[in-house]
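What follows is a single structure, written as structure tokens, with notes after it.
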Amino acid sequence: MNLQPYLDFTTQLAYRAGRITLGYFNTGIRPDFKADDSPVTVADHAAEEFIRGEIEKAYPTHTIIGEEFGESTSAIRASVPNPLSTSVHPLQSVENFRWFVDPIDGTKSFLRGVPLYGVLIGLEIEGVIQVGAAYYPGTDEMLCAADGLGAWWNGKRTRVSEVDTFERAWFCYTSYHGFEKRDPALWKRLSDAAYVLRGWSDAYGYLAVATGRAEVMIDPVLSDWDCGPFPVIFREAGGYFGSWSGKEGHTHGEALAVNAALKSKVMELIRSE
């Protein structure tokens, strides 16, 4: 399958949605709060509505799973010709193509005027994320990839670092509280092992690892849409993204991103008692 049209579409879509979010950034907008006490803003809604609309126009048979509006599946249930699609494969079934969308990953940072947030879009084809784009509007950084087409950071190929010892490894995380609830001892092991431990949180931590500016990003709890673009980005960048137990992918409810040189050592550290 030619994934270049999907990569171009996804990258452009993430960028355009990100520009929408900038119209609300640092404007003093007030959030609402969900049942889990996480904030949501008019910017989240506007960006996701835009993304959904563009996907529905271009790929009307595809399923969309987003943070703010859940799962939506086109009324076109069977494999049917899609004259609007840029894909070279005109027959596309709902079951085989699913888009994962997080319009603002890092809403808490966004609300405080901290630019370390991202627009995340991943395309799953037959159960595997094969195309992904993460755009960081506050720093104007685009990270994207597709299977076999490489990982790209602002138009240049990107690779994870080659650091192979904890003594020089930079670890990133989103919140201590997640470790406190799940495994406080692991937090102690991570903080003792790392050369530097930094709260470059949410999607920005994964950007740091994929571009060789950090070696490890770890989250105890993540939703599928939080992970959307990253499995393919890390495959193409020479690293790993998946569960703490070594299962690649975006549906494990947790996440670990790490360069290839430290993967086995980090997994051993996680398993240690």
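The values are calculated or read from the model by the stated rules, or taken from the named source; none is laboratory data. Just so it is clear, the structure is predicted and the values come from calculations on it, not from any experiment. Neighbour counts run over all protein chains shown; Cβ positions are idealised from the backbone, glycine included. Heads up: the accessible areas ignore ligands, DNA and RNA and are worked out on the full protein's heavy atoms, side chains in. Shrake-Rupley method; radii C 1.70, N 1.55, O 1.52, S 1.80 Å.
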- request: Could you pull the accessible area for His177 with a 1.4 Å probe, rounded to 10 Å²?
  value: 110
- request: Please list, in chain and number order, the residues 5+ apart from Gly239 or on another chain whose amide H is under 5 Å from its amide H, with Hs placed from the backbone.
  value: Val160
field: Over segment 123-235: Rg over Rh, Cα atoms, Kirkwood Rh
entry: 0.98
query: Tell me, what is the 1.4 Å probe accessible area of Val221, in Å² to the nearest 10?
result: 110
query: When only the heavy atoms of the protein chains count and the probe is 1.4 Å, how do Arg30, Arg168, Arg235, Arg19 rank by accessible area, highest first?
result: Arg30, Arg168, Arg19, Arg235
- request: Report Asp226's accessible area, 1.4 Å probe, all protein chains in place, as a number in Å² to the nearest 10.
  value: 20
- prompt: Which lysines does Lys156 reach when only Cα atoms under 27 Å apart count, and residues fewer than 8 places away in its own chain are ignored?
  reply: Lys263
- prompt: All other residues with a Cβ under 12 Å from the Cβ of Ala146 taken together, and with Lys, Arg as +1 and Asp, Glu as -1, what is their net charge?
  reply: -2
query: What list of ³J(HN,Hα) values in whole Hz, one per residue of segment 158-168 in order, does the Karplus curve 6.51 cos²θ - 1.76 cosθ + 1.60 (θ = phi - 60°) give from phi, with Gly and Pro shown as x?
result: 10, 9, 5, 6, 10, 4, 10, 10, 4, 4, 10
message: Given all pairs of different Cα atoms, what value in angstroms does the Kirkwood hydrodynamic radius of the chain take?
response: 18.7
field: Which of Ile65, Leu13, Ile51, positive extreme of dipole for the chain (C-beta unit charges)
entry: Leu13
message: Per residue of segment 137-144, what does 6.51 cos²θ - 1.76 cosθ + 1.60 with θ = phi - 60° give for ³J(HN,Hα)? Whole Hz please, x for Gly and Pro, Karplus curve as stated.
response: x, x, 10, 6, 10, 10, 10, 8
- prompt: Long-range amide H contacts for Glu254: which residues qualify at under 5 Å (H placed 1.01 Å from N, peptide plane, sequence gap of 5 or more or a different chain)?
  reply: Leu222
- prompt: Amide H neighbours of Gly212 under 5 Å, counting only residues 5+ apart in sequence or on other chains, H built in-plane at 1.01 Å?
  reply: Ser161
- request: Could you please put Lys188, Lys181, Lys108, Lys263 in sequence from largest to smallest accessible area, using a 1.4 Å probe?
  value: Lys181, Lys108, Lys188, Lys263
query: Near Lys265, within a Cβ-to-Cβ distance under 14 Å, what is the net charge of the other residues, with Lys and Arg +1 and Asp and Glu -1?
result: -2
message: Suppose accessible area is computed on protein heavy atoms with a 1.4 Å probe; arrange Glu248, Glu268 from highest to lowest.
response: Glu268, Glu248
- request: Label segment 130-175 by shape, choosing from rounded, prolate and oblate, from the square roots a ≥ b ≥ c of the eigenvalues of the Cα gyration tensor; if a/c is under 1.5 it is rounded, and otherwise prolate applies when a/b is larger than b/c, oblate when it is not.
  value: oblate
- request: Using the Cα centre as the reference, give the magnitude of the dipole from point charges on the C-beta atoms of the chain (Lys, Arg: +1; Asp, Glu: -1; all else neutral), rounded to the nearest 20 debye.
  value: 500
- request: Based on alpha-carbon positions alone, could you give the equivalent ellipsoid semi-axes of segment 187-255 from the gyration tensor, as √(5λ), descending, whole Å?
  value: 19, 14, 11
